[in-house]
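Everything below concerns the one structure shown next.
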Amino acid sequence: MGIFTLFPAFLLAIGYNEVFYGTLSFFGVIFAIVAIVLFPLSYLRYGLNSSAPVGALMYAIGSFVVILNVSTGQSTEAFFYLAVAMQSIGWAVHFTTGSICIAAVSSEETRAHNFMLYAAFSTLGLSCGPIVAGLATTYIGMGFVGVFGLAVFASLLAFGVSIRAAGLVPDWSSVVIPNLLDTLGHLPRLVRTPVPVFLLLVFMCSCIYTTLIHYQVTFADTSNLSHETFFIFWALGVVGSRFLFGAVVAGKPASEILSPLFIGLAVTLVALPASVDNSLIYALTALSLGVTYGLSYPIVQAQAVKFAPPELRTMTQIFFSLFYFFGLYVFPLVGGVLIVTINYPGLWISLGGVALFQALIAFLIFRKVESIK
């Protein structure tokens with residue numbers, strides 16, 4: 001997925017703009033949501049282990065469609081939509097399956113830390129993608145077709161590894177995997193818990209994340225910066241903070257640490273426009289963004305599971321994925337409109353406002369929970 005952070009830059013190079021990329025992404029959310037809602041039927045019929053590798057295979061096929069479309073020399077928009085649809089299904093299945101597995105094998109004490117590690121490896125892969133792609137284009141002279149070919153190879157490799165891993169995991173027969181359509185009757189019970197607030201928070205986390213990642217290459221290109229700098233220090237911030245401080249942070253009450261992390265995220269986002277033409281500031285803001293986002297996101301995920309009734313936790317994970325993917329695929333269109341209207345500084349300041357609103361929501365919900373206790 002990280003390699004395809006270059007996709008917006010490629011579209012700009014062949015005459016499209018950020019709004020077109022946002023439109024493609026918006027189209028993808030339809031398929032991501034359908035996959036999340038319906039794929040549990042596959043879990044129930046074929047088993048979680050047999051279904052898990054499908055996500056990587058779908059992403060590989062979608063990436064290959066992009067290559068075929070580009071290789072013709074006269075790309076067709078319809079094939080871009082087809083490719084994004086398949087990639088959306090693939091990533092949605094992969095992400096949701098992984099979250100269910102992590103939640104199933106974790107205890108109350110280890111869940112938050114395990115989510116941090118799971119997210120750390122996801123972020124590490126996503127950050128390595130644009131770095132490897134950048135090195136390939138700079139030092140090997142590889143074009144976009146070759147770079148997207150690396151994405152196909154990585155996805156097929158993930159498919160093979162997933163099949164191997166599926167044979168090593170425990171028996172999943174004890175894992176409750178509900179059909180989301182059959183469990184809607186439990187919604188009133190879930191709504192009465194703090195879970196919906198954390199679903200809203202993960203939606204806003206996803207909006208910030210998808211904008212930072214997918215428009216970072218185009219921002220760097222217009223700001224005399226190297227996008228590799230951002231992804232290197234972003235990865236150091238996200239992965240390093242989770243490995244160095246993940247266990248400590250997970251052991252602290254979320255009520256004490258989540259709002260300050262969101263405030264730190266807001267401050268750094270607002271400071272990002274100052275990095276134009278300054279690689280040092282760019283690296284420091286990327287590092288700070290990685291730390292504040294990297295620690296706050298898994299806390300939100302762990303809290304959503306914590307406040308859900310035990311028998312509804314898998315369903316909560318599915319809803320968590322729905323809100324995550326809705327933000328992931330819908331907000332690039334909003335971001336694209338903001339870029340062409342108020343440019344990148346206005347975009348980053350707007351995202352800073354979103355993070356500040358998250359801090360307020362987290363403060364209020366924990367205050368309400370504490371007052372009930």
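Quick look at the numbers
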item: Two-decimal Rg/Rh across segment 190-337, once Rg and the Kirkwood Rh are taken from alpha-carbon atoms; result: 1.00
item: Computed label-point distance, nm, for sites Val248 and Leu68 using a 7 Å Cα→Cβ extension; result: 5.2 nm
item: Gyration tensor verdict on the chain (Cα atoms; rounded if a/c is under 1.5, prolate if a/b is larger than b/c, oblate otherwise); result: oblate
item: Vicinal HN-Hα couplings computed from phi for segment 260-270 (Karplus, 6.51 cos²θ - 1.76 cosθ + 1.60; Hz; Gly/Pro x); result: x, 5, 5, 5, x, 5, 5, 4, 5, 4, 5
item: Rounded to whole Hz, the Karplus (6.51, -1.76, 1.60) HN-Hα couplings of segment 331-338, x for glycine and proline; result: 5, x, 5, 4, x, x, 5, 5
item: Selected from Thr137, Thr72, Thr193 as most flexible by GNM, with the chain as the system and alpha-carbon contacts under 10 Å; result: Thr72
item: Whether segment 1-88 is rounded, prolate or oblate, judged on the alpha carbon gyration tensor where a/c under 1.5 counts as rounded; result: prolate
item: Signed unit charges on C-beta, dipole axis of the chain, positive-most listed residue Tyr46, Ser206, Pro310; result: Pro310
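Read the figures in this text as sums done on the coordinates, not as results from a lab. Since we're looking at a predicted model, the values are computed, not measured. Here Cβ is always computed from backbone atoms with ideal geometry, including for glycine, and neighbour counts include all displayed protein chains.
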